[in-house]
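Undergrad: Please read through the structure below; I'll follow up with questions.
The values are calculated or read from the model by the stated rules, or taken from the named source; none is laboratory data. Here the structure is a predicted model, which is why all the values come from computation and not from measurement. Using ideal geometry, Cβ is built from the backbone for each residue, glycine included, and neighbour counts are taken over all protein chains shown.
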Amino acid sequence: MLNYALVCLYKAILYVTILMVYILIKVKNVFRPNLNSSRYKKLDDSIRPELHKTIDKQTDLYSFLKKSNKTCNTGTISNLVHSKNILSEVFLDMFQGAGYDYILEEYGIMSKFFWLNYHKRGLLRNESVHLIKNFCTNKTSIKVLDVGCGSCTSLILLHKILKEIGIKFELYGCDIYPKIVVEGIHNLNKTTIHPKLLICNGEHLPYKDNYFDLVINYGGINQFQNISKGLDEMLRVVKSGGLCICRDEHYNSKKLNDFEKFYFNFIKDETVPIEYLNKNKVKNINITYLNNIQFLLSFQHI
């Protein structure tokens, strides 16, 4: 009972802190440089040759940015100050995932406290780097897709890794939440990195079959409504011999202390989704347990 009370107190303090950080970020974002939506018209057009499905309004990044500019009084893409329903926006961002995940991705100290120090979530973990470097051995160029790219932190890290390897590469990213993709564009605008981005559902990827060499999903596969479909889509768009990597949470009650068992109750049903893999399509399945609540799953398309 004491552990349960402590968990409730800890989470209350944590969520209030995250909310304060969220509000500060959104207010600060009003003063950041505007996004010129017209420049992304060329970006959308450049992606079309890789698509095998028609882009509708949901997957059209340019249309979303254009609409956002029209609805914001100052032309800035701000989803708090200019919202018609601020409370609704805050609720969706904090509990639907977009703004909430953005804070945890961008601010390592917040992620550290939220995950009770199980916070090394990025591609720069040695296990991920080794997988990618080994896969790139003897290759001259690769195409990479980040499914659930969020605020593009993984794409930025991928760029760093592939630059160090010295291989030619093309980067692609997609996410179902338009606003988190906009945050990603703002992050990318601080760099010289220009991946091709789309807004789409990972269970219905619009890309051609057998197009990518490497497909990654960091921190999202267990949130898919249909995990089997999500994994099948990753396999469909990756080439024969191509590599897929997933990183997410799992619940290992045998290694968690009593406080952690109460605290991580929200991931109690999450497991390594190996049972959802089509064994007739994959080879070289490998699972690495990064810690008590995180796994790294890799597999190749036959």
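Undergrad: How do the pairs read when you match residues in the stretch 124-135 that are among the charged types (D, E, K, R) with residues anywhere that are assigned to a helix (DSSP H, G or I) and modelled with pLDDT of 90 or more, using Cβ under 8 Å and keeping only pairs 6 or more apart or on different chains?
TA: Pairs that qualify, where the first residue is among the charged types (D, E, K, R) and the partner is assigned to a helix (DSSP H, G or I) and modelled with pLDDT of 90 or more, are Lys133/Ile161; Lys133/Ile165.
Undergrad: Sticking with this structure for a sec: Applying the selection to the stretch 125-142, what residues are surrounded by 20 or more Cβ atoms within 10 Å (Cβ to Cβ) and more than 29 Å from Ile18 (Cβ to Cβ)?
TA: Matches in the stretch 125-142: Leu131, Ile132, Cys136, Ile142.
Undergrad: Residues to consider are Leu61, Leu24; find the one that is of a type in the set (A, V, I, L, M, F, W, C), over 23 Å from Glu170 (Cβ atoms) and at pLDDT 75 or above.
TA: Leu24
Undergrad: Evaluate the stretch 218-226: report whether one residue or more is over 14 Å from the mean Cα position of the chain (by Cα), surrounded by fewer than 22 Cβ atoms within 10 Å (Cβ to Cβ), over 21 Å from Lys283 (Cβ atoms) and in contact (Cβ under 8 Å) with a residue 12 or more places away in the chain.
TA: Of the stretch 218-226, the ones over 14 Å from the mean Cα position of the chain (by Cα) are 225-226.
With surrounded by fewer than 22 Cβ atoms within 10 Å (Cβ to Cβ) added as a condition, the list becomes 225-226.
In the following step, the residues that additionally are over 21 Å from Lys283 (Cβ atoms) were identified as 225-226.
If we keep only those that are in contact (Cβ under 8 Å) with a residue 12 or more places away in the chain as well, we get 225-226.
Yes, some residue in the stretch 218-226 is over 14 Å from the mean Cα position of the chain (by Cα), surrounded by fewer than 22 Cβ atoms within 10 Å (Cβ to Cβ), over 21 Å from Lys283 (Cβ atoms) and in contact (Cβ under 8 Å) with a residue 12 or more places away in the chain.
Undergrad: Considering each of Leu162, Leu231 in turn, give the residue that is within 20 Å of Ile142 (Cβ to Cβ) and crowded, with 19+ Cβ neighbours inside 10 Å.
TA: So the residue among Leu162, Leu231 that is within 20 Å of Ile142 (Cβ to Cβ) and crowded, with 19+ Cβ neighbours inside 10 Å is Leu162.
Undergrad: Quick one: Cys149 ticks every box in (1) under 21 Å from Gly202 (Cβ atoms); (2) modelled with pLDDT of 95 or more except a single one, so which number is it?
TA: Result: Cys149 fails condition (2) only.
One line per residue, one yes/no per condition, for (1) modelled with pLDDT of 70 or more; (2) aromatic (Phe, Trp, Tyr); (3) within 20 Å of Asp101 (Cα to Cα):
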residue: Pro33; (1), (2), (3): yes, no, no
residue: Asn36; (1), (2), (3): yes, no, no
residue: Ile47; (1), (2), (3): yes, no, no
residue: Glu50; (1), (2), (3): yes, no, no
residue: Lys57; (1), (2), (3): no, no, no
residue: Thr74; (1), (2), (3): no, no, no
residue: Ile77; (1), (2), (3): no, no, yes
residue: Val90; (1), (2), (3): no, no, yes
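Undergrad: Could you give every pair whose Cβ atoms fall below 7 Å, whose first residue belongs to the stretch 175-199 and is farther than 18 Å from Tyr218 by Cβ, and whose second residue is at pLDDT 90 or above and in a loop (DSSP other than H, G, I, E, B), counting only separations of at least 6 or pairs across chains?
TA: From residues that are farther than 18 Å from Tyr218 by Cβ, there are no pairs.
Undergrad: Which one of Gly230, Gly242, Gly173 is at pLDDT 90 or above and either over 24 Å from Tyr100 (Cβ atoms) or among the polar types (S, T, N, Q) (or both)?
TA: That would be Gly242, the only listed residue that is at pLDDT 90 or above and either over 24 Å from Tyr100 (Cβ atoms) or among the polar types (S, T, N, Q) (or both).
Undergrad: List the residue pairs whose Cβ atoms are under 8 Å apart, where the first residue sits in the stretch 263-285 and is over 13 Å from Glu249 (Cα atoms), the second is outside any helix (DSSP H, G or I) and aromatic (Phe, Trp, Tyr), and the two are 6 or more positions apart or on different chains.
TA: So the pair list comes out as Leu277/Phe299; Val282/Phe299; Lys283/Phe299; Asn284/Phe299; Ile285/Phe299.
Quick grid of which residues meet (1) within 22 Å of the chain's Cα centre (by Cα); (2) loosely packed, with under 11 Cβ neighbours inside 10 Å:
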| position | (1), (2) |
| --- | --- |
| Tyr10 | no, no |
| Thr17 | no, no |
| Val21 | yes, no |
| Val30 | no, no |
| Asn34 | no, no |
| Ser37 | no, no |
| Lys41 | no, no |
| Pro49 | no, yes |
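Undergrad: Then there is this: Which residue, of Gly122, Gly99, is closer than 30 Å to Phe64 by Cα, crowded, with 20+ Cβ neighbours inside 10 Å and at pLDDT below 75? Working first, answer last.
TA: Details: Gly122 fails: crowded, with 20+ Cβ neighbours inside 10 Å.
The match here is Gly99.
Undergrad: Right, something else. Taking only the stretch 287-302 into account, find how many residues are farther than 20 Å from Arg125 by Cβ and surrounded by fewer than 17 Cβ atoms within 10 Å (Cβ to Cβ).
TA: Residues in the stretch 287-302 being farther than 20 Å from Arg125 by Cβ and surrounded by fewer than 17 Cβ atoms within 10 Å (Cβ to Cβ): 1 in total.
Undergrad: Step by step: first the residues of the stretch 249-286, then only those that are in a strand (DSSP E or B) and out of contact with any Leu (no Cβ under 8 Å at 6 or more places or on another chain), then the one that is surrounded by the most Cβ atoms within 10 Å (Cβ to Cβ). Which residue is that?
TA: Step by step, filter the stretch 249-286, then rank; the result is Glu249.
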